[in-house]
Amino acid sequence: MAKTHVTMKVNGAEVEGLVEPRTLLVHFIRENLQLTGTHIGCETTHCGACTVDLDGMSVKSCTIFAVQAEGASITTIEGVANADGTLSALQEGFRMMHGLQCGFCTPGMILRAQRLLQENPSPTEAEIRMGISGNICRCTGYQNIVKAIQYAAAKINGVQYQEAAE
Amino acid sequence: MIPGSFSYHRPASVADAIKLLSSLGDEARPLAGGHSLIPMMKLRLASPDHLVDLHGIAALKGIHRDGDRVSIGAMTTQHELLASDEIARSLPILHETALLIADPQVRYMGTIGGNVANGDPGNDMPALMMTLGASYRLEGPNGAREVVASEFYQGAYFTALEPGEILTSISIPVPAAGHGYAYEKLKRKIGDYATAAAAVVLTMSGGKVASCAIGLTNVHETPLLATEAARLVVGTSLDPATLKQAAAAAVAIMAPAADARGPVEYRKHVGGIMVTRALTRAAALTK
Amino acid sequence: MNDMTPTREQREAKLEGMGCKRKRVEDARFTQGKGNYVDDLKLPGMLHGDFVRSPHAHARVKSINSEAAMKIPGVLAVITAETLKTVNLAWMPTLAGDVQMVLADGKVLFQNQEVAFVVATDRYAADDGINAVEVEYEPLPVVIDPFHAMDADAPVLREDLAGKTTGAHGPRKHHNHVFEWTVGDKDLTDAAFRKADVTIKEMISYHRTHPSPLETCQCVCSFDKISGELSIWGTFQAPHVIRTVVALIAKIPEQKIHVISPDVGGGFGNKVGAYPGYICAAVASIVTGKPVKWVEDRIENLTATSFARDYHMTTELAATKDGKVTGLRVHVLADHGAFDACADPSKWPAGFFNIVTGSYDIPTAHVSVDGIYTNKAPGGVAYRCSFRVTEAAYCIERGMDILAQKLGMDPAELRLKNFIKAEQFPYHSALGWEYDSGDYHTAMKKMMESVDYAGLRREQASLREAFKRGETREIMGVGVSFFTEIVGAGPSKNCDILGIAMFDSCEIRLHPTGAGIARVGSKSTGQGHETTWAQIIATEIGIPADDIKIEEGNTDTAPYGLGTYGSRSTPVAGAAIAMAARKIKAKAQMIAAWLLEVHEDDLEWDIDGFRVKGLPEKFKSMKDLCWAAYHAVPPGMEPGLEAVSYYDPPNMTYPFGAYICVMNIDVDTGVYKIRRFYALDDCGTRINPMIIEGQIHGGLTEAFAIAMGQEIRYDDAGNVVTGSFMDFFMPTAVETPHWETDFTVTPSPHHPIGAKGVGESPNVGGVPAFSNAVNDAFSFLGSTHIQMPHDFWRNWQAAKNLGALAA
C-alpha cells in the first residue's frame, strides 16, 4: 500500500513521516516518533491509555489514523512537564497524592486531566469523575487520582490544596 | 487489532465527497468521527478499500438557528453540541443526551451525523431525532433530499441512504417554549450502550398532557417511536394508571436481543420503566 | 552540640524509613512518560508475531493452509504445531503438572486457542498474515457446563490423556477429570453434622473472571545464534522462574538465558504463568535469528491468557442452636478449562483453599475439590489473591451469613461468637494451618463502632417496613465480611514451584560514600517496591531511603527469587531485605567498634549509626562506616559492605480485616448504589501507609467489579460473550464507590519486621462484603443465596423470582 507523507506538530516540534493510511496515530507516535509514553491498553476505545491532546481535544489515539492528524498540533505525556523541566502541577499532583501505581494508565490520565482543567479550572469531584470516565485505571481505584487532579487545580488556581476529610 | 489496508481520501467539499463515494462504489465508506467504524475495521469486521474522510469539509460543521428550527451540520461533534449555548437553550434534551454518549474523549470525535447515519440501534441520537421530529438532509449524485428521521431507519445498519449519498445536516424543530423533556438511559457503565433508553418531549396545558412524543433506544433493530404510548398519555395528568398503560404500550413494540446487558424480558421491562421515568421527569420540567 | 546539629526527629525524618508516607521513586518516570514497558522496546531488525486463533470451542483441525499468508509482503513465517514438533515444543508443561498445547495439535479445545503463529516484519503485516491463514475445522460437541463435564456421555476433551487414570495429583475418575484433592477429617466432620442442632447447605459459585491488567501480556525474545544466548524481555511477575522453565523446556543452559522484566503495567496474577506467546516468540527468534516481539491485544488477553476463579462450592455448616459453629464441609467443582494451568505452588492443586475455615474456631472440617476439564481457556491464576484464598474467603463468609439467617442471628454477632480469640494464637486450624497472629474481636468491634453498625440495622429495618408498605421500591443491604488471608508463600516445608522452594532474596551493596544498591528477587508490577524496599533498609541500617537504589527483574543481576504474587513480596522478599540489612549492620558494628576502640557489645544503635553506651559523643554514622568499610576495616576482616540473604519463611503470614458495605438496590431495575464501603485492614507492621491505602483502594475496586459484574461468560456453544472492555465490567471513576480505610496493627511474630502483606486483602475481603450486602438486601424477601455477579439484570431477576416486582 502506498505510503502517505504526514506532518504535524508534536510537543511543539514539527515532525513528519511516511505512513500507510491505516497506520493508527498511536503507532505513529510510539513507533515512528519513538514517544513511548503513550500506551495501548484495550484497542476498543474504552481504556484511554492512548489519550493524547490533539488541537485542544482529548482523543484516543488508537481510534484515529495518523493521516487524519495531518497538520494537527499534538501533546503527548512527553510534552507535559514545565518548560524548565520541572513537573507540571498535574504530574506533581499525581506524585503527591499517590495517583498512580503501575503507571500504565498515567500518561493518558494526565493528558485527559490537563484538558479537563483547561475547560473547567475548578471542577467538583463529580465533574472530575465524569471528566476522566474515558480512562480506566486498574490499580488505584481512582480515589487518589481525583485528589491528584484536585491538588493540581488548587495549585494552578494559586490556592492551598485542602484534602477532603475521609 | 489492526485495520486492513485502504486508500484515504479527504475531499474539501460535499460535491467532491459525493463524487468520490459514487465513483468508488460499495468499497468506499465515509469517515466521520470514526468511533464506530474504526473499531470495526480493527476487528476486520469492516474492510473498506477506500475511506472518504469528511473532516476537510467546512460546510458540514456548525449549529444554526433558523426561525423555529435548529440546523446542525453532520460533522458537528458531541462535544460541540455540549458546548453550544444555542443547543442548551433550544434543545436541552439534546444536551442531556449528548452527555450520556460514550465518554469525554469519544465525544470530542464522535459526530451527530455519524451517530444518526450509521444505523446502529445502540446509538442514542436516532430515537431522540425521531422524538423531536427531526429531518435529515441527504445529498447524493442525484441531488439533495430531506428525509424525516422516523422514515430513515430500516433495520440494523440499514437506512434510507442510497449509494453515494451522505447525510449532510440535521434540521430539528424547536420544541414549544416551556416544554418538558427527559432522556432516561439505563446503562451498565460509562461507555456502554443503553440496556434500554427512552426520550420524551411533551407539553402540558392545564395540568394535562397537551402533546407528547416518545422515542426508544436499543430495544429493537431500529430506534422506535412509541406512538401508541404517546397517544395514551395525551389528555391525561400522567396518573399512575396512565403511566402503566403507556409503559405497557411501549413495551409491546420492543423487541430487543438478549445480550450481556440482560435477557429480553429484562430489557423490555426496564424499557418500560425508562418510559415511565422519562414521562414523569419531563412533566415535572414543563413550565 | 551547636544549633546545626540535627535533632533525633530530623535524623529519623531524613531516613524516610518504615511507617513514613514516602512519595514514590517510580513516579518521576511514570508521570513523564519515561517508563520502560516491554512494548516500548525496539531492537534492530525486530520482527512481530501474532496468533491465528480458533473461532471454535472444540473442533478438529483438518488443515492449515498458509500459502496465501506467505504471499503477503512482510510475512516471513507461519509456525504451526508441526513446526514446533521439530523442536519438541508443540506442547509445554504447565505449572500444575499438566501439559498444554502451544499451538493446536490436531484439535482445539477452547475459543481463541492459539492455532498458528505468523511472523512478519511489523505488526501490521503480521495482522494481515493471520487473516490470510486458512484453517479448516470440524466442530465437535462442547463441554461448557461444569456440572455436566463428568457425565458418562460427556465428550472426551483431552484425547492426549486417553487411558491415563492417574494425573499429577492422583487418580482421575473420568475422562474429563483432572484431580481430586481432599483435606480434613471426614469422619469427625460427618459426626459433627449428625450432632448439629442446625445445618445449612448451599451451592455457592464464584464465577470465572480475569485479572486484566491494563498492560496485556507481552514479550520480546532475542536469540543470538553466535553465542547461543536467549534474551527475553517480558511482562513477568516471576522472571527467575521463567528463566528456569525456559532452560528446562528449551534445553538452553540457564546461564545463556537472560530474562528481564522491565516496568510492568499491572499483573494481578495474570503475568505469573508461561503462555504460548512466549514459547512461539522464542522459537521464532531461534528460527529467524532476529528479535521477535509478541504483544497480545485485549480480546486475546481476556479470552485466552488465563482466567481466575470458576469455583463451584457446595458449602455446609453445622452449628449449635445458639450459634457456635461445630463443623464445615465443602465440596468444590473446580472448572480448570482445557488444560490445568493453575499457577499454584506445585503440591497444592487447589491452592490454599483449606484456609476456608476463615477467621473462626471451627473444630472440625472436611474439604474435597474435583478439578475438571471444559472447553474454556486454561489457567486458574490467583487474581489479586493468594492461591484460591479469595474463593475460600467468599465461601466461608457467605456461609456464615446464610447460617446467621437460618439461626435468626445478626451476622456480625455470629462472627463475634465464633472468632478465634486473641489468646488462641498461634492457632492450629482444623484444615492444617498455623495462624501466626490476630486480634479479630478488636478489629470487628472497631469496624462496627466506626460505621454505627447498630444504626445501620435500625435504618434497614425501617426501610424494609416502608418497602412492605409500598412506600419505596428500594431495598437496603448491609454486607459484613471478616476475612483471614494466608499469604507469603512460602515455607520450603510446604511450598515449591516445580521443585524450587518458595524463598525470596535480597543482595545489598553499600558504596564508600554511604549510598548503595539493593537487588531483590521480587518484581514490582505497580506496588512501588523501589520506594518501600528502600524504606526497610533505611530503618534497618540508617541510610536515607533516597540513597538506596532498588533493582528488580533482571535475572542476571538480581538474586534468585520466586517473584511477586500471592502477596508474598513483603512477607518473603521484605524479610530477606531486612535480614540482608542486618548482616550489613552486624559488619558495620564490628567496624564501628574497631574505630571507636570499644567492644562491639559496648555499642548501641541510634537511628543512623552506632554510639558508645553512656558516651553519646562517641558516635559513628553508617555513612562514616561505609567509607571505613573500604579503607579501614579491622585486621583480618574483608573490605566492603555487602550482604545477601535468601529467606525461607518459617510460616505464612495471616493478614485479616473487617469490611462492611452498605448498598441500596432498586428492585425494578436492579440498579444498585453503593452508599458506603469501610475497610479495616490489619497487615501487621505498616511500611508505607500511603502505599497501603492505595493498594486497598485498588483491590476494593477490583472486588467491586468482580462482585457486581465482572465475568468471563460463555454461551452454550463455548463462545466468550464478555470478551472486550465493552462487556467485561471494568468500572470507571463514575461507577467506582468512595472508599474509607482504617487499620489495626498486629505484627507477625515470626517476620523480621512484623509485616504481613496487604495488596490482595481488599480483593479477598471485598468480594464477600459486596455479595453479602446484595444477599442481605434480598434476605427479608425470602432468599438465602443469590449467585454473583450481582449485575443489574441479575438483581432484577432475583427480585422477580422473589415476587418483589410490582404486578
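With only Cα atoms counted, the range B:61-173 has Rg and Dmax values of 13.1, 37 Å.
With only the Cα atoms considered, the protein assembly as shown has a convex hull volume of 188 Å³ per residue. Roughly what percent of Cα-Cα pairs across the range C:259-301 reach past 13 Å? Considering the range C:259-301, 66 percent of its Cα-Cα pairs are separated by more than 13 Å. Taking a sphere under 15 Å around the Cβ of C:Val612 and counting the other residues whose Cβ falls inside, with K and R at +1 and D and E at -1, yields a net charge of -4.
List, in the order given, every pair from C:Lys173/C:Lys271; C:Lys186/C:Lys756; C:Lys421/C:Lys445; C:Lys85/C:Lys173; C:Lys587/C:Lys620; C:Lys23/C:Lys523 whose Cα-Cα distance in the structure shown is over 22 Å. Result: C:Lys173/C:Lys271; C:Lys186/C:Lys756; C:Lys85/C:Lys173 exceed 22 Å.
Across the range B:180-285, the mean sequence separation of Cα contacts (distance under 8 Å, 6 or more residues apart), normalised by length, yields a relative contact order of 32 percent. Principal axis analysis of the Cα atoms in the range B:180-285 yields extents of 44, 26, 22 Å, listed in decreasing size. Taking the centroid of alpha carbons for each part, the range C:438-517 and the range C:542-562 are 29 Å apart. Count Lys and Arg as plus one, Asp and Glu as minus one, and take only other residues whose Cβ is under 11 Å from that of C:Asp361; the net charge is then +3. Applying both filters, DSSP loop and at most 15 other Cβ atoms within 10 Å, to the trypsin sites (Lys or Arg not before Pro) of the range C:613-678 gives C:Lys613. With a/c under 1.5 counting as rounded, go ahead and sort the range C:201-340 into rounded, prolate or oblate using the C-alpha gyration tensor (a ≥ b ≥ c being the square roots of the eigenvalues; past the cut-off, prolate if a/b is larger than b/c, else oblate). Prolate.
If both residues of a DSSP beta bridge must be in chain B, then about 85% of such bridges are antiparallel. For peptide C:101-107, how many partner chain Cβ atoms fall within 10 Å of a residue's Cβ, on average? Per-residue shielding by partner chains comes out at 0. For GluC sites (Glu not before Pro), the sites in the range C:436-517 that DSSP calls loop and that have at most 14 other Cβ atoms within 10 Å are C:Glu471.
The alpha carbon centroids of the range C:1-46 and the range B:58-110 are separated by 46 Å. Which whole-percent values make up P(r) of the range B:7-50 when all C-alpha to C-alpha distances are grouped in 5 Å steps starting at zero? That works out to 5, 23, 28, 24, 14, 5, 0, in percent per bin.
Below 8 Å, C-alpha to C-alpha, sequence gap of six or more: please give me the relative contact order for the range B:61-173 in percent.
28
Share of Cα-Cα pairs in the range B:95-159 beyond 14 Å, in percent? Above the 14 Å cut-off, the range B:95-159 has 59 percent of its Cα pairs. Ranking C:Glu597, C:Glu604 from most to least accessible surface, computed with a 1.4 Å probe over the protein chains only, gives C:Glu597, C:Glu604. Taking a Cβ cut-off of under 14 Å around B:Val52, the surrounding Lys, Arg, Asp and Glu residues balance to a net charge of -4, with basic ones at +1 and acidic ones at -1.
Basic side chains Lys and Arg get +1 at the Cβ, acidic Asp and Glu get -1 at the Cβ, and with that the dipole of chain C about its Cα centre reaches some 420 debye. Taking the three principal axes of the alpha carbon atoms in the range B:80-128, the coordinate ranges are 28, 23, 16 Å, sorted in descending order. Classify chain B from the C-alpha gyration tensor, please: rounded if a/c falls under 1.5, else prolate or oblate depending on whether a/b exceeds b/c. Verdict is prolate for chain B. Helical runs (DSSP H, four residues minimum) scored at -39500 (n - 2.57) apiece and divided by the length of chain C put the mean residue ellipticity at 222 nm at -8500 deg cm²/dmol.
Rounded to the nearest 20, the size of the Cβ-charge dipole of the range B:180-285 about its Cα centre is 240 debye, with Lys and Arg at +1 and Asp and Glu at -1. The A-C contact accounts for roughly 4500 square angstrom of buried accessible surface, both chains included, probe 1.4 angstrom. Remark: the Cα gyration tensor places chain A in the prolate category, a/c being 1.5 or greater and a/b exceeding b/c.
Beta-bridge orientation, chain C: approximately 80 percent antiparallel, per DSSP, counting only bridges with both partners inside.
In the range C:210-349, with Lys and Arg counted as +1 and Asp and Glu as -1 at Cβ, which of these residues, C:Pro291, C:Ala247, C:Thr320, has the Cα nearest the positive end of the dipole, that is, farthest along it? Farthest towards the positive pole: C:Ala247.
Within the range C:655-764, the proportion of C-alpha pairs whose separation exceeds 16 Å stands at 65%.
Here chain C yields Rg over Rh of 0.99, to two decimals, using C-alpha coordinates and the Kirkwood radius. Reported to the nearest whole Å, the Cα centre-to-centre distance from the range A:2-35 to the range C:366-417 is 51.
Just how large is the dipole of chain B about the Cα centre, in debye to the nearest 20, putting +1 at every Lys and Arg Cβ and -1 at every Asp and Glu Cβ? Walk me through the numbers before you get to the answer.
Values: 25 positive and 26 negative charges, 161 e Å.
Once rounded to the nearest 20, the dipole reads 780 debye.
Placing unit charges on each Cβ (+1 for Lys and Arg, -1 for Asp and Glu) gives the range B:61-173 a dipole about its Cα centre, and among B:Gly122, B:Ile166, B:Ile87 the Cα reaching farthest toward its positive end belongs to B:Ile87. The count of lysine pairs in the range B:180-285 with alpha-carbon distances below 22 Å, taking only pairs 8 or more places apart or on different chains, stands at 6.
List the trypsin sites (Lys or Arg not before Pro) within the range C:406-491 that fall in a DSSP loop (any state other than H, G, I, E or B) and whose Cβ has at most 11 other Cβ atoms within 10 Å. All intermediate terms of the calculation are to be shown ahead of the outcome.
On the way: sites: C:Lys406, C:Arg415, C:Lys417, C:Lys421, C:Lys445, C:Lys446, C:Arg457, C:Arg458, C:Arg464, C:Lys468, C:Arg469, C:Arg473; in loops: C:Lys421, C:Arg469, C:Arg473.
Answer by residue number: C:Arg469.
A dipole drawn for the range C:75-206 from +1 and -1 charges on Cβ atoms has a positive end, and of C:Thr189, C:His175, C:Ile79 the residue lying farthest that way is C:Thr189. Here chain A carries DSSP beta bridges of which approximately 90% are antiparallel, counting only pairs with both residues inside. Taking every C-alpha pair closer than 8 Å and separated by at least 6 residues, the mean separation divided by the residue count of the range B:7-50 gives a relative contact order of 44 percent. For chain C, the membrane-span-like helix rule (DSSP H, alpha carbon extent of at least 24 Å along the helix axis, mean Kyte-Doolittle at least 0.5) picks out C:575-596, C:689-708; this says nothing about an actual membrane.
Split the accessible area of the range C:671-743 by element, probe 1.4 Å, and carbon with sulfur accounts for 49%.
The values are calculated or read from the model by the stated rules, or taken from the named source; none is laboratory data. Note that the coordinates shown come from a computational prediction; the quantities given were computed from them, not determined experimentally. Ideal geometry is used to build each Cβ from the backbone, glycine not excepted, and the neighbour counts take in all protein chains shown. Areas reflect the complete protein model, heavy atoms only, side chains present, ligands, DNA and RNA absent. Shrake-Rupley method; radii C 1.70, N 1.55, O 1.52, S 1.80 Å.
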